[in-house]
């Protein structure tokens, strides 16, 4: 296809500038395809080759991948929402109204973020059940399962801290009930509630603390644990798929 | 080539004629692992599939986000409690527990125990071979399960937690049925797994709508 | 040489295992790091516990006792406290339902405190009549200031039978 555009692209690819940025060349040989993974900062945790069977949808329904992709979508929409949100009382609520009625595409971003949050909780639960049913937690994968449980807890906390941020009636009272439960802990309950809320009541301190947790601390923790989680899966051999013998029984 | 007897060891020809050395004990044969199938290059095979999954996800989410708006209620008012004050959907079960048990038990103790139970799953070899309930020590195993369930029912009854009792009771009843019919009866393999599964499904089907207060008969006086 | 006979080197005490310099220094270092870690945790906890709160104060004055007629229940909305005056004295009863934290309401016609969320009902002294609330409404410490005003301290709960006699 020797269109002028293609010719232009090919010329571009031979320039020094291009070659200094994209160093491996076109990915049309197995060597350059390997380099596309192995030489890439963001992808080099993946193996260069994957088992064909692990690519099937029925293998794991791409649940882990979906969780990660949803995390990325949530981070992007979340950061965009941050530009118009003040974590103060009562500005937070008015900012939510602004996002809906005043900011261009604000309502869409907020919908995506909230939808993504609900889907995320659903997907990670589904992923956990699926790994359990398939026995993916058995040795030597035990600690990866524990990391997964920690990720589940982080997801739930992220969702809960984010729930307060709109500062509407639903948010306020859901958090009031939740923090009253914290004070039911023996001995340290009231102190933990005091530190979590930054005071005795659910007020501006609580909003700010939940905001920092939601936007910085928990996403950082999640990012680290997701990295460990994926790394372990690939180091242990990727999605191992059971093979079926001729008599139809499952073999391991 | 020797058919029945293979000697193990090295001879001076080992380098010239490399042989796979197989150790044979008694009459067992060496276990050969199944080949796990061919491999493909990650780029493009996996990368393209991930891109497709991502695009499908984004398309579905955008379609939903364009038509359904996220809710926003009135400004938070510390003096006015809405009725009902609901937690997000994934905490609804927990909130229901709070109606029956004291806050420490329902809010701290049970969630902590659940998390510990989850974390501990891979470290216990529970029925790794996948032996059905009836095969080995049937009486003892069924007895243990039933004992735990009856204990749970007594605790739930003590706290008047009727909405949780019903599905637990149904599951226990199906378990007893399974024990009577299958462990001591004669059922084919395909029906072996029916009763526990049906019990789980039925239990969940009865339990969840009850906890979400969809059934009118489950509504307590307190809303 | 004669020195060695007259002043023999002290023998190592029996029964105690010898610790090498390396092990000793390692233990000292770990101990120091441990103390530093504990100190760091304590300081972090201090950092996160605010010393100044921009909230309605937890200790407040409720005015002159004569403002409250005998056998009355007065709801202080800013503080979420009921000032209950009986013939026996004053109680400061919390207006926050012990079930899940909703704000209760005083119903004078029915002579009871009711929670709108799940239907818990209490007597004016906080004792539960019915409902899912696990405990009675707590009583806060109530006292008199030097100039004769009621002082309520929401950080301190007292037994329900203690009334402030004026």
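The values are calculated or read from the model by the stated rules, or taken from the named source; none is laboratory data. What you are looking at is a predicted structure, and each value in this text was computed from that prediction instead of being measured. Here the Cβ positions follow ideal geometry from the backbone for every residue, glycine too, while neighbour counts run over all protein chains shown.
Determine whether residue C:166 is farther than 20 Å from residue B:79 by Cβ, surrounded by fewer than 15 Cβ atoms within 10 Å (Cβ to Cβ), in contact with a strand residue (DSSP E or B) (Cβ under 6 Å, 6 or more places away or on another chain) and away from chain B (no Cβ under 14 Å).
On the way: farther than 20 Å from residue B:79 by Cβ: yes; surrounded by fewer than 15 Cβ atoms within 10 Å (Cβ to Cβ): yes; in contact with a strand residue (DSSP E or B) (Cβ under 6 Å, 6 or more places away or on another chain): no; away from chain B (no Cβ under 14 Å): yes.
No.
When you scan segment A:97-107, do you find a residue that is in a loop (DSSP other than H, G, I, E, B), in contact (Cβ under 8 Å) with a residue 12 or more places away in the chain and over 11 Å from the mean Cα position of the chain (by Cα), even just one?
Taking segment A:97-107 as the starting set, the residues that turn out to be in a loop (DSSP other than H, G, I, E, B) are A:102-105.
After this cut, where a residue has to be in contact (Cβ under 8 Å) with a residue 12 or more places away in the chain as well, the list is A:103.
Next cut, over 11 Å from the mean Cα position of the chain (by Cα) only: A:103.
Scanning segment A:97-107 turns up at least one residue that is in a loop (DSSP other than H, G, I, E, B), in contact (Cβ under 8 Å) with a residue 12 or more places away in the chain and over 11 Å from the mean Cα position of the chain (by Cα).
For segment C:82-95, which positions are within 16 Å of residue C:121 (Cα to Cα) and touching a residue at least 60 places away in the same chain (Cβ under 8 Å)?
C:94
Looking at (1) closer than 17 Å to residue A:60 by Cβ; (2) crowded, with 19+ Cβ neighbours inside 10 Å, which one does residue A:110 not meet, given that it meets all the others?
Result: residue A:110 fails condition (1) only.
Within segment A:23-45, which residues are modelled with pLDDT of 90 or more and crowded, with 17+ Cβ neighbours inside 10 Å?
Hits for segment A:23-45 are A:33, A:34, A:35, A:36, A:37.
Out of curiosity, is residue A:207 crowded, with 19+ Cβ neighbours inside 10 Å, more than 7 Å from every other protein chain (Cβ to nearest Cβ) and touching a helix residue (DSSP H, G or I) at 6+ places or on another chain (Cβ under 6 Å)? Spell out how you get there, then give the answer.
On the way: crowded, with 19+ Cβ neighbours inside 10 Å: yes; more than 7 Å from every other protein chain (Cβ to nearest Cβ): yes; touching a helix residue (DSSP H, G or I) at 6+ places or on another chain (Cβ under 6 Å): no.
Answer is no for this residue.
Can you tell me which residue in segment C:89-139 is farthest from the chain's Cα centre (by Cα), limited to those that are surrounded by fewer than 16 Cβ atoms within 10 Å (Cβ to Cβ) and not in a loop (DSSP other than H, G, I, E, B)?
Within segment C:89-139, the match that is farthest from the chain's Cα centre (by Cα) is C:107.
Please determine whether any residue of segment A:202-215 is within 14 Å of the chain's Cα centre (by Cα), on the phi < 0 side of the Ramachandran plot and in contact (Cβ under 8 Å) with a residue 24 or more places away in the chain. Working first, answer last.
Of segment A:202-215, the ones within 14 Å of the chain's Cα centre (by Cα) are A:214-215.
Applying the additional criterion that residues be on the phi < 0 side of the Ramachandran plot yields A:214-215.
Among the residues that remain, those that are also in contact (Cβ under 8 Å) with a residue 24 or more places away in the chain are: A:214-215.
Within segment A:202-215 (the criterion being within 14 Å of the chain's Cα centre (by Cα), on the phi < 0 side of the Ramachandran plot and in contact (Cβ under 8 Å) with a residue 24 or more places away in the chain), the answer is yes, since at least one residue qualifies.
Is there a residue in segment C:67-79 that is under 21 Å from residue C:157 (Cα atoms), within 14 Å of chain B (Cβ to nearest Cβ) and in contact (Cβ under 8 Å) with a residue 24 or more places away in the chain?
Scanning segment C:67-79, I find at least one residue that is under 21 Å from residue C:157 (Cα atoms), within 14 Å of chain B (Cβ to nearest Cβ) and in contact (Cβ under 8 Å) with a residue 24 or more places away in the chain, so the answer is yes.
Does residue A:101 fit the bill of being more than 7 Å from chain B (Cβ to nearest Cβ), surrounded by fewer than 20 Cβ atoms within 10 Å (Cβ to Cβ), at pLDDT below 95 and more than 17 Å from residue A:85 (Cα to Cα)?
On the way: more than 7 Å from chain B (Cβ to nearest Cβ): yes; surrounded by fewer than 20 Cβ atoms within 10 Å (Cβ to Cβ): yes; at pLDDT below 95: yes; more than 17 Å from residue A:85 (Cα to Cα): no.
No; evaluated as a whole, the condition is false for this residue.
Looking only at residues that are assigned to a helix (DSSP H, G or I) and facing another protein chain (nearest Cβ under 7 Å) in segment B:95-114, which one is surrounded by the fewest Cβ atoms within 10 Å (Cβ to Cβ)? Quick ask: steps written out before the conclusion?
Here is the first cut: in segment B:95-114, the residues assigned to a helix (DSSP H, G or I) are B:95-100, B:103-114.
Filter once more, keeping what is facing another protein chain (nearest Cβ under 7 Å): B:98-99, B:103-104, B:107-108.
On the way: B:98: 24, B:99: 18, B:103: 24, B:104: 16, B:107: 25, B:108: 18.
Checked segment B:95-114; the qualifying residue surrounded by the fewest Cβ atoms within 10 Å (Cβ to Cβ) is B:104.
Of the residues that make up segment A:163-182, is at least one closer than 30 Å to residue A:236 by Cα, at pLDDT 90 or above, out of contact with any strand residue (DSSP E or B) (no Cβ under 8 Å at 6 or more places or on another chain) and not in a loop (DSSP other than H, G, I, E, B)?
To start, the set of residues in segment A:163-182 that are closer than 30 Å to residue A:236 by Cα comprises none.
Checking segment A:163-182: not a single residue is closer than 30 Å to residue A:236 by Cα, at pLDDT 90 or above, out of contact with any strand residue (DSSP E or B) (no Cβ under 8 Å at 6 or more places or on another chain) and not in a loop (DSSP other than H, G, I, E, B).
Can you name every residue in segment A:73-89 that is surrounded by 13 or more Cβ atoms within 10 Å (Cβ to Cβ) and touching a residue at least 60 places away in the same chain (Cβ under 8 Å)?
Once the filter is applied, which keeps residues that are surrounded by 13 or more Cβ atoms within 10 Å (Cβ to Cβ) and touching a residue at least 60 places away in the same chain (Cβ under 8 Å), segment A:73-89 yields A:75, A:78, A:85, A:87, A:88, A:89.
Applying the selection to segment A:36-90, what residues are more than 9 Å from chain B (Cβ to nearest Cβ), under 22 Å from the mean Cα position of the chain (by Cα) and closer than 30 Å to residue A:203 by Cα?
Selection gives A:71, A:74, A:75, A:76, A:77, A:78, A:79, A:80, A:81, A:82, A:83, A:85.
Pairs needed: first member in segment A:1-21, more than 17 Å from residue A:32 (Cα to Cα); second member anywhere, modelled with pLDDT of 90 or more and not in a loop (DSSP other than H, G, I, E, B); C-beta distance under 6 Å; at least 6 residues apart or different chains.
Pairs found: A:12/A:18.
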